Protein chains: 2
Amino acid sequence: MNVSSEHLRDFVYDIFKTAGLSDEDSYTVADSLVAANLRGVDSHGVTRVPIYMKRLKEGAINPTPDIKIMQESDGVLLVDGDDGMGQIVSREAMRLGIAKAKKSGGVHIGVTRSSHFGAGAYFVKRGVEEDLITFAMSNAPSTMAPWGGIQPYFGTNPYAYGVPAGRYDPIILDMATSVVARGKIIMAAQNGQDIPEGWAIDQNGKPTTNSQDALDGSVLPFGGPKGYGISLMIDIMSGVLTGAGFGPHINNIYGDYDQPQNVGHFFQLIDVQQFMPAQMYKQRIDQMIEEIKSSPAAEGVEEVLVPGEIENRTEKTRLENGIDLGEDVYKGLKQVGKEYGLNIEGYVSLNKTI
Amino acid sequence: MNVSSEHLRDFVYDIFKTAGLSDEDSYTVADSLVAANLRGVDSHGVTRVPIYMKRLKEGAINPTPDIKIMQESDGVLLVDGDDGMGQIVSREAMRLGIAKAKKSGGVHIGVTRSSHFGAGAYFVKRGVEEDLITFAMSNAPSTMAPWGGIQPYFGTNPYAYGVPAGRYDPIILDMATSVVARGKIIMAAQNGQDIPEGWAIDQNGKPTTNSQDALDGSVLPFGGPKGYGISLMIDIMSGVLTGAGFGPHINNIYGDYDQPQNVGHFFQLIDVQQFMPAQMYKQRIDQMIEEIKSSPAAEGVEEVLVPGEIENRTEKTRLENGIDLGEDVYKGLKQVGKEYGLNIEGYVSLNKTI
């Protein structure tokens with residue numbers, strides 16, 4: 001069943017309104033979740049609505065956070081999220097950061113006492129729209145052992161960046177620092193399927209292709225010890241430096257229902273115009289993209305891509321043809337709608353669906 | 001033959017003095033090269049002396065660069081290296097950046113018209129000594145195809161960071177964004193050995209274990225498309241944004257002898273004290289290191305490590321027992337000494353060796 005992104009956004013907006021979020025905040029959450037679905041990143045899309053609502057209801061997320069600047073200097077911002085939704089806290093941190101980056105040329109932004117922020121791409125795009133090279137990272141509940149270890153310590157700490165371009169779409173990278181998202185292993189376990197070697201280790205630290213053993217064990221960082229180094233860096237910047245939780249001291253989004261997650265984020269914004277005129281910068285980045293795109297492809301590869309191209313294409317298709325939510329996600333939304341007196345069928349009813 | 005790091009530094013210092021470098025500049029180059037050897041990163045140590053001297057002699061490197069600030073704002077510095085040695089340009093960029101970071105809390109530093117800067121760890125350590133979290137990256141001559149491509153576009157663009165700690169040694173990561181340094185493949189080819197699968201592709205983009213085919217082809221990024229994303233980011237920050245060369249528009253250090261490389265670097269400095277009191281920060285990072293270190297190790301793994309531990313241990317051993325240069329490197333140094341009227345044996349003679 002394909003649902004139009006607009007109708008889906010309307011429904012999710014109304015859902016979050018019932019939890020006491022303001023109009024603007026409800027829109028941010030709805031828009032960011034639907035944006036993830038549009039880009040094909042369904043694991044970070046509206047499938048999260050039920051768990052977010054549960055956490056709002058149980059008090060783990062503050063629906064009306066008092067988001068405040070804790071520390072400020074010309075190149076640094078530290079923002080307290082007051083246990084609000086990660087999307088709202090990050091929107092505010094980015095808003096403050098964009099204004100500062102326009103003045104000082106570049107800013108490092110730490111965020112403490114936040115929650116799951118969804119997909120980082122949503123925030124880096126806000127920076128890119130202002131001609132800022134933008135980085136977004138976050139720590140997350142632990143599922144990944146340090147390299148050589150067997151006990152989960154790090155999350156799959158996401159790393160995202162956005163780079164403005166001229167006549168090309170901006171380059172947008174948004175990735176977990178694990179080999180694959182843990183959700184893929186959960187899905188394999190549910191279907192009784194094996195997973196490829198290299199994704200995870202079992203409880204004893206041995207490579208495993210058994211999806212259940214993998215879930216009892218630990219996911220592996222991308223690129224071995226080098227990816228471990230990147231994931232560690234993200235936790236230091238997002239957790240240690242901001243005052244948020246780090247390592248195993250972050251509460252699980254699917255559990256600890258009455259405990260704030262205490263996730264930390266880290267953003268960086270860099271104004272390209274402090275380095276050279278915007279037009280010159282755009283000519284240079286366009287040249288790079290063009291050279292990469294026109295570079296000969298390996299056998300069996302259709303086209304050499306830059307990060308974000310696949311997601312951009314998916315977005316165009318899904319804007320036109322709608323988003324196929326899948327039965328389980330649709331049922332979950334229907335159920336959560338019912339709880340809050342909203343009928344999803346009224347939003348995506350026959351004459352409104354695509 | 002083990003050589004004391006001090007004697008080696010003296011010799012290298014005198015060598016660079018003959019090329020017209022100032023006392024301070026000669027010391028920086030000598031110290032940074034020997035520091036790489038001390039940390040066990042011999043590929044970036046004194047083995048580079050002959051090629052650096054050749055490039056100085058042929059005019060590709062300016063021995064007395066006029067290093068200047070091109071752009072400056074509270075959070076940004078853009079530094080023109082005037083085709084000086086990368087180590088000297090980077091020292092100056094870091095010096096300017098450290099002063100600015102102490103004021104503004106954080107700074108992004110672009111460097112253009114520079115040359116090979118050796119090992120990034122040397123510069124991040126300068127920042128760490130000032131309680132600054134420090135990032136250092138650089139682009140490099142192309143040897144790595146974009147993901148899905150077959151033609152080298154990126155360099156093995158190094159990425160380094162340093163994180164100050166309290167009672168522990170700082171965390172220092174310094175890595176190439178290729179699976180392995182290209183030097184290892186060169187060495188395998190010289191010895192007629194195969195390389196493991198996953199290191200490189202041949203000219204047609206096919207995985208290869210033949211070291212010569214690998215050299216004719218392209219090294220692979222660490223972690224597949226994710227590592228490609230990191231390497232691309234480094235080239236954007238170091239090359240596109242700074243005005244330096246990028247992609248294939250960077251001259252080869254072992255060729256183009258009369259052409260400046262036009263390498264770009266990018267540094268970031270973040271003052272931890274703009275986020276929280278230094279003591280609190282140090283307690284937090286120490287807690288993280290302790291938790292990682294005391295985490296159970298996988299079977300066959302002696303100890304869970306944080307980045308930099310192996311290199312720190314090598315440094316302690318080599319400071320005590322000297323550096324084993326290997327016959328080829330020693331011969332190269334002896335030869336280059338002869339050209340400039342310096343006898344290496346006078347520096348590391350019997351009574352001076354360890």
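Residues considered: B:Glu290, B:Glu299, B:Glu72. Largest GNM mean-square fluctuation over chain B, using C-alpha springs under 10 Å, is found at B:Glu299.
Among the listed pairs B:Lys184/B:Lys331; A:Lys125/B:Lys100; B:Lys54/B:Lys331; A:Lys125/B:Lys293; A:Lys206/B:Lys293; A:Lys125/B:Lys282, which have their C-alpha atoms separated by more than 26 angstrom in this model?
A:Lys125/B:Lys100; A:Lys125/B:Lys293; A:Lys125/B:Lys282
Could you let me know the centre-to-centre spacing of the range A:249-309 and the range B:235-300, using Cα atoms, in angstrom? That distance is 17 Å. Note on chain B: with a GNM built from Cα contacts shorter than 10 Å, the maximum mean-square fluctuation among B:Leu132, B:Leu325, B:Leu269 falls on B:Leu325.
Shown here for the range B:96-186: trypsin sites (Lys or Arg not before Pro) in loop regions (DSSP other than H, G, I, E, B) with at most 16 other Cβ atoms within 10 Å, namely B:Arg167.
If you plug the beta carbon distance of A:Asp169 and A:Ser22 into 1/(1 + (r/R0)^6) with R0 = 41 Å, you get a FRET efficiency near 0.80.
Considering only B:Val76, B:Asn62, B:Leu33, the residue lying farthest towards the positive end of the dipole of the range B:33-101 is B:Leu33, judged by Cα position with unit charges set on Cβ. The charge dipole of the protein assembly as shown, taken about its Cα centre with unit charges on the Cβ of Lys, Arg, Asp and Glu (plus for the first two, minus for the last two), comes to roughly 620 debye. Dipole check for the range B:215-325: with +1 at the C-beta of Lys and Arg, -1 at the C-beta of Asp and Glu, and the Cα centre as origin, the magnitude is about 360 Debye. Between the range A:74-128 and the range B:113-151, the alpha-carbon centres lie 26 Å apart.
The label point for A:Ile310 and the one for B:Ile69, both projected 7 Å from the Cα toward the Cβ, are 4.4 nm apart. Geometric descriptor of the protein assembly as shown, per residue, is 150 Å³ (volume of the convex hull of the Cα atoms). Over the protein assembly as shown, dividing the summed -39,500 (n - 2.57) contributions of all DSSP H runs of at least 4 residues by the number of residues returns a 222 nm mean residue ellipticity of -12000 deg cm²/dmol.
Taking amide H as placed 1.01 Å from N in the peptide plane, the amide H of B:Ile171 sits under 5 Å from that of B:Val163, B:Ala165, each at least 5 places away or on another chain. Extending 7 Å from the Cα toward the beta-carbon at both A:Ala278 and B:Lys334 defines two label points whose distance is 6.2 nm. Taking θ as phi - 60° and the Karplus parameters 6.51, -1.76 and 1.60, the scalar couplings of the range B:211-217 work out to 5, 5, 4, 5, 5, 6, x Hz in sequence order, x denoting glycine and proline. If a spin label sat at a point 7 angstrom from the Cα of A:Gln212 along the line to its beta carbon, the backbone N atoms of the range A:168-197 nearer than 16 Å would be those of A:185-195. Across all directions, the average flat footprint of the convex hull enclosing the Cα atoms of chain A is 18.5 nm². Mind checking which of A:Pro225, A:Trp199, A:Gly247 is farthest towards the positive end of the range A:156-272's charge dipole, using Cβ charges of +1 (Lys, Arg) and -1 (Asp, Glu) about the Cα centre? Value computed over the given set: A:Pro225.
Projecting the Cα atoms of B:Val301, A:Gly183, B:Ala101 onto the charge dipole of the protein assembly as shown (Cβ charges, centred on the Cα centre) puts B:Ala101 farthest toward the positive pole.
Of all beta bridges that DSSP places with both ends in the range A:1-143, some 50 percent have antiparallel geometry.
Surface listing: A:Leu96, B:Leu305, A:Leu8, A:Leu319 arranged by accessible area from highest to lowest gives A:Leu319, A:Leu96, B:Leu305, A:Leu8, probe 1.4 Å. Accessible area per residue was computed with a 1.4 Å probe on protein heavy atoms; B:Arg95 scores about 120 Å². Label-to-label distance for B:Tyr254 and B:Met1 is 2.3 nm, based on points extended 7 Å past Cα in the beta-carbon direction.
The values are calculated or read from the model by the stated rules, or taken from the named source; none is laboratory data. What you are looking at is a predicted structure, and each value in this text was computed from that prediction instead of being measured. Cβ: placed from backbone, ideal geometry, glycine included. Neighbour counts: every protein chain shown. Note: areas computed on protein heavy atoms with side chains; ligands, DNA, RNA excluded. Shrake-Rupley method; radii C 1.70, N 1.55, O 1.52, S 1.80 Å.
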